[in-house]
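Step one of this worksheet: look at the structure below.
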Amino acid sequence: MRRTIKKGKRILGIILTACMLMSLAGCGEEVIISEDHVEENCRNTNMNAVMKTDKGFYYSQKGELSLHYYDTVNKKNMFLCNKPECRHDGNEFCVATSDKYQVMHTLLYSGSLYINVIEETETSYEFKVLKASLDGSSLSEVVTYHSVGNTEVFPDTGDKMIIHRNKAFLPYTVYNAENNEVGYNGVAIYDMDTKEVTYLGEKEQSFDLQYGRFCGYGDYMYYSTSEKYRMELHRYCYTDGTTEKLGVKNFKGAYAIYDENTIFYKAINESFFVYNMETGENKYISVDDLGSVRLHTDEKDGLSQGYGVGFKLADVLSDGEYVYVSFNYSFHGNYLPNSNSAMGIVFDKAIIGVLDKEGQEVNRIYLNTTDLLGYSDYFTLHFMGDTVYMQTPSMMYECSKESFIAGEPDFKEVYPIDIKMWSMKEHQEK
């Protein structure tokens, strides 16, 4: 009997110790491991960031819920649902598909997929975050961060979700059903540790104030605002929840954080600056030459006469080693490189300028999908360690970062993308 009692005490002690190690998460409750947002793993309105694990890739459709997984070992594309005999047709038992939700964005974070959605009920629009397990066994609702009656309004499904250090920033916009100039927007902040929902400013902000690009870095969430014709860059402090306006000048919305003291950004007239947060200095960097392309040179009367096209700075990105500036293409936008011609020669490529920390040119790269797909289509670039990914509506490609920086990206197929996504090929066929 004593041995049984002692054995029971030892087992109880082990259980209590395990619960103590789980700290604030609570006994038996899942611990969410804090991760940093990776802005250079870029995404746009229709394409998610690259969601890679050591066994494969996850990807998700915008609009109707459709979660997919590509197994790199078996070279197999599948729905992310392990239910036997499931038809993956939106039924209530399917993990990968559902008719209930309108999907805005999906992120891989702390070993799960988090999905920003809107659910329309009989009386309301519910803004929610879902969580899907990576083995396809479960899909659950995490939080409802905003709710509005659906009789006179409709929601904007284009807003993005950013998760950084266990806080999810969730922008939302609601329009009047009869007048889309009337409505409000806001940003919910969901604390994944405390399960608390707070807001960045007022819960219902006037349309006069618009929130722009969010980027988590260190103990801050950076974001842009625009009010009428004035744009500003701010940051939210994780330590005390305060916000501050940064001293960038003539800011025009696009920016990239190089390190804790250095921000590169686009200013008025598509000019380019670097801001030092320690000194407050804003330094101009000339990048106009990067956007110029000579298409034809004509020799006349012994003189060389050039014909070409020029593009304005569109966007900027950084991976902490290089700064990438784009012309005729946006890392965060979803549009094709424009076609321009001179003397019958057509140029329809994105121009990516590679700069060092000082803003000096390292190289420039000309990109389009034509060599890979046989036609020009939408694409997004993702910088992840030593690899650069190019995502198109039909295929994911990858190349080494070394080859990309050298100006000769050796893109290879990674996996086919088996979801509905706007494609120029389908548009042209229609």
Please list, ordered by residue number, the strands (runs of 3 or more DSSP E) wholly in the range 26-102 having 3 or more residues that are within 15 Å of the chain's Cα centre (by Cα) and among the aliphatic types (A, V, I, L, M). none
Filter the range 301-312 for residues that are at pLDDT 85 or above and among the aromatic types (Phe, Trp, Tyr) and give the result. Phe311
Does Gly385 qualify as being surrounded by fewer than 17 Cβ atoms within 10 Å (Cβ to Cβ) and under 20 Å from the mean Cα position of the chain (by Cα)? yes
Please give the number of the condition Asn180 fails out of (1) touching a strand residue (DSSP E or B) at 6+ places or on another chain (Cβ under 8 Å); (2) modelled with pLDDT under 90; (3) closer than 23 Å to Val103 by Cβ. (1)
Among all residue pairs at least 6 apart or on different chains, which show Cβ distances below 7 Å where the first residue, located in the range 400-421, is under 26 Å from Asn77 (Cβ atoms) and part of a loop (DSSP other than H, G, I, E, B) and the second is open to solvent by less than 40 Å² (accessible area, probe 1.4 Å) and of a type in the set (S, T, N, Q)? Pro409/Ser403; Asp410/Ser403; Ile419/Gln61; Ile419/Ser66; Lys420/Gln61
Please find, among Tyr322, Tyr335, Tyr329, the residue that is more than 17 Å from the chain's Cα centre (by Cα), of a type in the set (Ser, Thr, Tyr) and under 21 Å from Val388 (Cα atoms). Tyr322
What do you reckon, is Tyr265 surrounded by 22 or more Cβ atoms within 10 Å (Cβ to Cβ), touching a Cys at 6+ places or on another chain (Cβ under 8 Å) and either in contact (Cβ under 8 Å) with a residue 60 or more places away in the chain or hydroxyl-bearing (Ser, Thr, Tyr) (or both)? no
Identity of the residue in the range 172-198, open to solvent by 10 Å² or more (accessible area, probe 1.4 Å) and of a type in the set (Gly, Ala, Ser), that ends up nearest to the chain's Cα centre (by Cα): Gly183
Would you confirm whether any residue within the range 385-393 is farther than 16 Å from His332 by Cα, in contact with a strand residue (DSSP E or B) (Cβ under 9 Å, 6 or more places away or on another chain), of a type in the set (S, T, N, Q) and outside any loop (DSSP other than H, G, I, E, B)? yes
Are there any strands (runs of 3 or more DSSP E) wholly within the range 196-236 with 1 or more residues that are charged (D, E, K, R) and more than 19 Å from Asn41 (Cα to Cα), and if so which? 220-227
Among Val50, Val73, which is the only one that is of a type in the set (Val, Ile, Thr) and either modelled with pLDDT of 95 or more or in contact with a helix residue (DSSP H, G or I) (Cβ under 7 Å, 6 or more places away or on another chain) (or both)? Val50
Hey, Glu119 in contact with a Lys or Arg (Cβ under 7 Å, 6 or more places away or on another chain) and not in a loop (DSSP other than H, G, I, E, B) or not: yes
What are the residues in the range 103-118 that are of a type outside the set (A, V, I, L, M) and at pLDDT 95 or above, if any? Thr106, Tyr109, Ser110, Gly111, Ser112, Tyr114, Asn116
When you check Cys215 against the structure, is it open to solvent by less than 30 Å² (accessible area, probe 1.4 Å) and over 21 Å from Tyr322 (Cα atoms), yes or no? no
What number of residues within the range 61-75 satisfy the criterion of being farther than 17 Å from Tyr378 by Cβ and buried (at least 20 other Cβ atoms within 10 Å of the Cβ)? 6
Hey, could you check the range 313-345 for residues that are more than 26 Å from Ala49 (Cα to Cα) and not hydroxyl-bearing (Ser, Thr, Tyr) and say which is modelled with the lowest pLDDT? Met343
Criterion (at pLDDT below 95, surrounded by 13 or more Cβ atoms within 10 Å (Cβ to Cβ), of a type in the set (D, E, K, R) and over 30 Å from Asn48 (Cα atoms)) met by exactly one of Asp298, Asp288, Asp348: Asp288
Could you list, in sequence order, all residues of the range 362-372 that are open to solvent by less than 40 Å² (accessible area, probe 1.4 Å), within 11 Å of Thr392 (Cβ to Cβ) and not β-branched (Val, Ile, Thr)? Asn368
Among the residues of the range 158-170, how many are in a strand (DSSP E or B) and open to solvent by 20 Å² or more (accessible area, probe 1.4 Å)? 1
Quick test of your reading of the structure: Lys131 fulfils all but one of (1) free of Cβ contacts under 8 Å to residues at least 24 places away in the same chain; (2) in contact with a His (Cβ under 7 Å, 6 or more places away or on another chain); (3) not hydroxyl-bearing (Ser, Thr, Tyr). Name the failing condition by number. (2)
Checking the structure you have, find out if any residue of the range 113-120 is more than 22 Å from Ala49 (Cα to Cα) and out of contact with any strand residue (DSSP E or B) (no Cβ under 6 Å at 6 or more places or on another chain). yes
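The values are calculated or read from the model by the stated rules, or taken from the named source; none is laboratory data. All values reported here derive from a predicted model rather than from experimental measurement. Cβ: placed from backbone, ideal geometry, glycine included. Neighbour counts: every protein chain shown. Accessible surface areas use protein heavy atoms only, side chains included; no ligands, DNA or RNA. Shrake-Rupley method; radii C 1.70, N 1.55, O 1.52, S 1.80 Å.
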